[in-house]
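Let me begin by presenting the structure, written as structure tokens, before commenting on it.
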């Protein structure tokens, strides 16, 4: 699945879309505790020049980071999320984006598997 997600991100970059990577800070003692091994980004996902990397607290990056200000500063009006379908973060982010006036498209995303040699 990570390869399919990386493919989607590469395609979006090729279209000139802003890539925002939200890294969720985890609670102390959790599997995703901030700065623990489970917290680090998957090796197939990395911020590149021009991307925006934000740290936030689940499930709402709009309330717990500078996401809204960063998007408005870049005149972003439409958002397409790359998130697991049915995840609490996806549902929350979709609702918050709409509440902040963004047009949301493709919020529930299930990546299409890519051939191994793609």
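Where a number appears in this text, it was derived from the coordinates with a stated rule and is not lab data. As the structure is a prediction and not an experimental result, all values here were calculated from the model. Because the Cβ atoms are built from the backbone with ideal geometry, glycine has one as well, and the counts that use them run over all protein chains shown.
Mean residue ellipticity, 222 nm, helices only, the chain: the sum of -39500 (n - 2.57) across DSSP H runs of n ≥ 4, divided by residue count and rounded to 500, is -8500 deg cm²/dmol.
The three principal axes of the Cα atoms in the chain give end-to-end lengths of 40, 37, 29 Å, sorted in falling order. Projected label points at residue 73 and residue 36, each 7 Å from Cα along the beta carbon direction, are separated by 3.1 nanometres. For the range 1-65, the spread of Cα positions along the three principal axes, ordered from largest to smallest, is 39, 25, 18 Å.
Label separation (residue 44 vs residue 95): 3.0 nm, computed from points 7 Å beyond Cα along the C-beta direction. Per-peptide packing, taken as the mean over residues of other Cβ atoms within 10 Å, places 89-99, 37-47 in the sequence 89-99, 37-47 from highest down.
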